[in-house]
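A.B. asks: I have a structure here, written as structure tokens, and I will follow up with some questions on it.
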Amino acid sequence: MAAPRHLNMLRTPDRHAFGVLLLLGLLAVFALGLALMLGSVPVTAGDVLAVFAGRADGMAGRLVLELRLPRALSAFATGALLAVAGSLMQVLVRNPLADPYVLGISGGAAVAALLALLAGLGGLWLTGSAFGGALLAMLLVFGLAHRNGDWSPTRLLLTGVVLASGWGALVSFLLVVSPDSRLHGMLFWLMGDLAYAGDPGPALAILGLGLLACWPLARDLNVLQRGDLQAGALGVDTRKLQRRLYLLASLLTASAVVQAGSIGFVGLVIPHLVRLLGLTDHRLLLPGAALAGGGLLVLADTLARTLLAPQQLPVGIITALIGIPLFLHLLQRGARTP
């Protein structure tokens, strides 16, 4: 007699799942290697290895360690944060079209960041403003969706969508009233740009802490995606779990937006791709999404740097060009799956 499907979700992952996870890890390493080698000044694989072995100096060493490595790690951290946040958000609202930006977190960050850019601020001021705007948006959505103790994924989703529209209107207003000298930087930030990404260390640390925080919730996530009633029948405190998911997904999204601006499609496409590869158990799905999302954004940023070199494109354009056909392919493949 076949075991119930929710019990299958709690079994020990098989070798295929671990093999897929290993493959995603190797692809992420490959993407990082390409990012270090490719650019307006090419660097050979031997030179890259020599840099990490401490045997290279001069231009190759400075180019790899001071410019390309921090940017590649920033891209990996941002893509991984968005992919994990998207995975959590799709379980939270139980909607396959949910992504990290669906609740308006990026909209609040965008308004605050554009205000900072309009005032001529940059660096830590821009980062702090974006993070503060993201936290404000998170608190607004949570407060309005949780009024009178009522909480449901539908109410949360509708509240986020409405507020996201409001943030979008404010962004449009700021772009209209901004002087021409500020518009270029504003547009690049809105489309996602890693050219001025800061130290990748904090983003990588937040990614690690986020994955650690998700690990004890993974089994409950496997059950929650089957529905509130089934999760409650199996002893899951769904309200408490939903609040944790919202907080985690929001903080991960805010960290990604602060690092690189608004980058679309990564948090939407990657969770579907990882599930189609066979990682349906969240104990492996979440780290798999982190590896796939990070690797994809590293490749996209490498294209953004090299496609029209020396001119650089916003990485958000590349992710859209990659994400749209990839998502349509995944959609058609899913429709053909019995």
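A.B. asks: Give just the number: which of (1) modelled with pLDDT of 90 or more; (2) among the β-branched types (Val, Ile, Thr); (3) under 20 Å from Leu303 (Cα atoms) does Val20 not satisfy?
C.D. replies: Against the list (1) modelled with pLDDT of 90 or more; (2) among the β-branched types (Val, Ile, Thr); (3) under 20 Å from Leu303 (Cα atoms), Val20 comes up short only on (3).
A.B. asks: Residue by residue through segment 186-209, note down the ones that are surrounded by 13 or more Cβ atoms within 10 Å (Cβ to Cβ) and outside any helix (DSSP H, G or I).
C.D. replies: Correct list: Gly192, Asp193, Leu194, Ala195, Tyr196, Ala197, Gly198.
A.B. asks: Separate question: Looking at segment 69-79, can you tell me whether even one residue there is among the charged types (D, E, K, R), modelled with pLDDT of 90 or more and either within 30 Å of Gly227 (Cβ to Cβ) or in a helix (DSSP H, G or I) (or both)?
C.D. replies: Restricting attention to segment 69-79, the residues satisfying the condition of being among the charged types (D, E, K, R) are 71.
Now narrow it down to the ones that are modelled with pLDDT of 90 or more: 71.
Right, trim to either within 30 Å of Gly227 (Cβ to Cβ) or in a helix (DSSP H, G or I) (or both) and you get 71.
Within segment 69-79 (the criterion being among the charged types (D, E, K, R), modelled with pLDDT of 90 or more and either within 30 Å of Gly227 (Cβ to Cβ) or in a helix (DSSP H, G or I) (or both)), the answer is yes, since at least one residue qualifies.
A.B. asks: Residues in segment 276-306 that are closer than 15 Å to Leu22 by Cα and among the basic types (Lys, Arg): how many?
C.D. replies: Looking only at that region, the number is 1.
A.B. asks: Might you let me know whether segment 201-212 holds any residue that is over 16 Å from Ala289 (Cβ atoms), at pLDDT below 85, of a type outside the set (D, E, K, R) and touching a helix residue (DSSP H, G or I) at 6+ places or on another chain (Cβ under 9 Å)?
C.D. replies: No: segment 201-212 contains no residue that is over 16 Å from Ala289 (Cβ atoms), at pLDDT below 85, of a type outside the set (D, E, K, R) and touching a helix residue (DSSP H, G or I) at 6+ places or on another chain (Cβ under 9 Å).
A.B. asks: Which helices (runs of 4 or more DSSP H) sit wholly inside segment 219-338 and have at least 1 residues that are free of Cβ contacts under 8 Å to residues at least 24 places away in the same chain, under 22 Å from Gly25 (Cβ atoms) and among the basic types (Lys, Arg)? Lay out the reasoning, then the answer.
C.D. replies: Details: elements: 228-233, 238-260, 266-276, 282-306, 315-336.
It comes to 266-276.
A.B. asks: Taking segment 17-32 only, how many residues are under 17 Å from Ala304 (Cβ atoms) and out of contact with any Leu (no Cβ under 6 Å at 6 or more places or on another chain)? Working first, answer last.
C.D. replies: Restricting attention to segment 17-32, the residues satisfying the condition of being under 17 Å from Ala304 (Cβ atoms) are 31-32.
Among the residues that remain, those that are also out of contact with any Leu (no Cβ under 6 Å at 6 or more places or on another chain) are: 32.
Counting residues in segment 17-32 that are under 17 Å from Ala304 (Cβ atoms) and out of contact with any Leu (no Cβ under 6 Å at 6 or more places or on another chain) gives 1.
A.B. asks: Is it true that Ala83 is of a type in the set (A, V, I, L, M, F, W, C), touching a Pro at 6+ places or on another chain (Cβ under 7 Å), on the phi < 0 side of the Ramachandran plot and assigned to a helix (DSSP H, G or I)? Before the answer, list the steps.
C.D. replies: On the way: of a type in the set (A, V, I, L, M, F, W, C): yes; touching a Pro at 6+ places or on another chain (Cβ under 7 Å): yes; on the phi < 0 side of the Ramachandran plot: yes; assigned to a helix (DSSP H, G or I): yes.
Against the criterion (of a type in the set (A, V, I, L, M, F, W, C), touching a Pro at 6+ places or on another chain (Cβ under 7 Å), on the phi < 0 side of the Ramachandran plot and assigned to a helix (DSSP H, G or I)), Ala83 qualifies.
A.B. asks: Failed condition for Glu66, given (1) in a helix (DSSP H, G or I); (2) in contact with a helix residue (DSSP H, G or I) (Cβ under 9 Å, 6 or more places away or on another chain); (3) of a type in the set (Asp, Glu), with all others met?
C.D. replies: Condition not satisfied by Glu66: (2).
A.B. asks: Also, I was wondering about something else. Looking at (1) in a helix (DSSP H, G or I); (2) farther than 29 Å from Leu248 by Cα; (3) in contact (Cβ under 8 Å) with a residue 12 or more places away in the chain, can you tell me which one Val43 breaks?
C.D. replies: Every condition holds for Val43 apart from (1).
A.B. asks: Given the condition under 24 Å from Leu279 (Cβ atoms), of a type in the set (Val, Ile, Thr) and out of contact with any Asp or Glu (no Cβ under 7 Å at 6 or more places or on another chain), answer yes or no: does some residue in segment 70-88 qualify?
C.D. replies: Scanning segment 70-88, I find at least one residue that is under 24 Å from Leu279 (Cβ atoms), of a type in the set (Val, Ile, Thr) and out of contact with any Asp or Glu (no Cβ under 7 Å at 6 or more places or on another chain), so the answer is yes.
The values are calculated or read from the model by the stated rules, or taken from the named source; none is laboratory data. Keep in mind that what you see is a predicted model, and the values were worked out from it rather than measured. Every residue, glycine among them, receives a Cβ derived from its backbone with ideal geometry; neighbour counts consider all protein chains shown.
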